[in-house]
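**Q** Let me begin by handing over the structure; questions about it come next.
The values are calculated or read from the model by the stated rules, or taken from the named source; none is laboratory data. Since we're looking at a predicted model, the values are computed, not measured. Positions of Cβ are backbone-derived with ideal geometry, glycine not excepted, and every protein chain shown enters the neighbour counts.
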Amino acid sequence: MIFWIPVVVVTLVTIVWTLYPLLKREKDAPAARSSYDMQVYKDQLKEIDSDENRGIITPAEAQRVRTEVSRRLLATASKGEDEDSPTPIAPRNTTYALASIIALSIIFGGLGIYRIWGYPGLPDLPISENLARQAAMTSDRPSQNEAEAFVTARMEDTSGGLPNLDSLTQSPDADLIDQLAEALESRPDDLEGHQMLARALATSGRMIEAHAAIDKVLGILGDSATPEDHLEHAELMILAAQGYVSPESIAALDIVMAAIPENPRARYYAGLALAQYDQPRQAYIMWNQLLSEGPEDAPWIAAIRANIDDLAVEAGIIPQSQLAGPTAEQMQAAQDMTDSERSELIRSMVAQLTERLANEGGSVEEWVRLIGANNVLGETEAATQAIADARAAYADDPAALRRINQAAVPSQRIPESAAPALPGPSQQQVQDAADMSDSERQQMIGSMVTRLADRLANEGGTVDEWARLISVTKVMGDAEANAKAIADARAVFADDPAALAQIEAAAAARP
């Protein structure tokens with residue numbers, strides 16, 4: 001009942017506030033004029049009495065003037081009674097009908113919304129309980145100990161009929177690690193010993209034990225623990241929980257990110273935490289930046305590549321892998337394009353890739369692809385610029401620089417004489433071919449081309465092999481096989497502008 005009292009009060013206030021402008025009346029200009037005139041006549045009567053008392057006018061004149069002013073005063077007062085009445089802004093019936101509709105809409109609309117979104121009959125909670133529930137909603141996740149207990153139980157579970165594989169995957173140094181752990185029980189303050197034990201356990205895959213060991217290390221270090229120590233602690237907790245980021249891991253990562261926010265390993269785990277705590281957009285931004293920075297051989301790069309597309313979908317972002325090549329509609333339209341239109345499509349793809357890498361950065365594979373595409377298209381100036389930009393982006397990454405420098409060598413189409421050897425006739429077949437007739441020799445070449453086409457269709461192959469197949473079928477005059485080879489090659493290398501450029505070059509070449 002107490003709940004409905006303020007509801008009724010608020011509803012009434014809302015209705016009055018809404019309907020007041022609709023129902024109010026206002027006086028018009030004549031009413032204001034008549035009041036003013038009456039006040040003037042009253043003042044004149046006072047002045048007549050004053051003049052008569054001072055002898056300025058005679059009593060007869062005073063009576064005559066007083067009579068005239070009084071007559072005017074009565075006329076004005078009579079006029080004011082007729083005109084000084086409130087006038088409604090709108091017709092009365094229409095106004096009352098509209099006011100009723102608005103009042104009913106407020107009452108029943110409010111009740112309807114409350115019935116849908118509210119909880120009738122739900123008792124109020126004390127403030128302390130409300131605050132406790134809010135805290136639980138943000139921290140209602142398993143603790144580190146609970147996560148590790150779950151992992152341990154799953155590792156020990158043999159209900160599936162398989163033995164515990166732990167004993168089969170023990171490190172050859174397991175006995176030495178156990179001896180070190182036993183020795184450290186009598187030396188609880190041995191910092192180097194506990195650090196060595198934590199790293200040895202982690203190396204052997206015993207992450208839960210490694211986490212326990214690093215806990216002892218932090219206990220020994222106390223306030224002198226560095227951000228790197230806290231990062232190692234957070235990492236071992238996450239690994240011990242098999243990738244789950246617990247509230248304790250979050251607390252450790254907070255310390256790390258406050259001290260060394262530029263650390264890539266810390267940013268990887270921070271991104272993982274963001275992803276698990278329903279913040280995919282922030283996680284995607286952090287991981288995508290790590291991909292752009294590299295280095296390519298960093299341990300977190302492979303993990304990011306395996307998950308970033310799914311993360312992008314959760315964040316409502318188009319995955320980078322879908323930006324590399326043409327859409328399905330573009331590929332369908334490309335089948336009916338002329339050579340010049342198809343070439344223009346490839347160039348537009350290269351231009352889009354160039355713009356995205358310049359504005360957002362990208363992986364070393366994308367830079368290598370851009371360099372190769374410009375080389376094949378004969379865009380020397382664009383290739384030179386791409387090489388310079390790629391080297392600047394990966395100036396601190398020797399492994400990536402080596403790949404960029406390799407791509408910097410023009411990767412134009414390889415001449416026939418320099419093309420890599422493809423499966424061809426054996427020495428015995430060559431010897432037999434010398435004694436063959438022209439038709440038999442042509443049949444042997446046809447069978448070799450058929451085998452190559454079948455292998456590429458079933459197993460795939462390099463762009464050079466596809467270009468060779470296109471060239472050979474064109475020389476043989478097999479238009480149907482040539483068209484099929486071109487279409488299949490375009491489909492295989494749909495997301496590789498450099499390879500597409502080489503395929504188109506082979507398709508356009510004269511036999």
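This table checks each residue for (1) touching a residue at least 24 places away in the same chain (Cβ under 8 Å); (2) of a type in the set (A, V, I, L, M, F, W, C); (3) closer than 30 Å to V368 by Cβ.
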position	(1), (2), (3)
L201	yes, yes, no
L218	no, yes, no
S249	yes, no, no
R267	no, no, yes
P280	yes, no, yes
Y284	yes, no, yes
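**Q** Looking at A306 and the list (1) under 14 Å from the mean Cα position of the chain (by Cα); (2) surrounded by fewer than 16 Cβ atoms within 10 Å (Cβ to Cβ); (3) assigned to a helix (DSSP H, G or I), which single condition is not satisfied?
**A** If we test A306 against (1) under 14 Å from the mean Cα position of the chain (by Cα); (2) surrounded by fewer than 16 Cβ atoms within 10 Å (Cβ to Cβ); (3) assigned to a helix (DSSP H, G or I), just (1) comes out false.
**Q** A further question on this structure: In the range 378-398, how many residues are more than 30 Å from the chain's Cα centre (by Cα) and surrounded by 22 or more Cβ atoms within 10 Å (Cβ to Cβ)?
**A** Total meeting the criteria: 1.
**Q** Looking at G325, G316, which one is over 22 Å from E262 (Cα atoms), within 10 Å of the chain's Cα centre (by Cα) and at pLDDT below 85?
**A** Unique residue meeting the criteria: G316.
**Q** Residue pairs, Cβ under 8 Å, 6 or more apart or interchain, first in the range 349-362 and in contact (Cβ under 8 Å) with a residue 12 or more places away in the chain and within 14 Å of Y394 (Cα to Cα), second aromatic (F, W, Y) and surrounded by 19 or more Cβ atoms within 10 Å (Cβ to Cβ). List them.
**A** L357/W367
**Q** Among the candidates A485, A479, single out the residue that is surrounded by fewer than 17 Cβ atoms within 10 Å (Cβ to Cβ) and modelled with pLDDT of 80 or more.
**A** Details: A485 fails: surrounded by fewer than 17 Cβ atoms within 10 Å (Cβ to Cβ).
That would be A479, the only listed residue that is surrounded by fewer than 17 Cβ atoms within 10 Å (Cβ to Cβ) and modelled with pLDDT of 80 or more.
**Q** Determine whether D175 is more than 19 Å from L231 (Cα to Cα), in a helix (DSSP H, G or I), under 42 Å from the mean Cα position of the chain (by Cα) and modelled with pLDDT under 85. Steps first, please.
**A** Numbers: more than 19 Å from L231 (Cα to Cα): yes; in a helix (DSSP H, G or I): yes; under 42 Å from the mean Cα position of the chain (by Cα): no; modelled with pLDDT under 85: yes.
Criteria not met by D175.
**Q** Now for a separate question. Which one is nearest to the chain's Cα centre (by Cα) among residues in the range 250-287 that are on the phi < 0 side of the Ramachandran plot and assigned to a loop (DSSP other than H, G, I, E, B)?
**A** So the residue we want is Q279.
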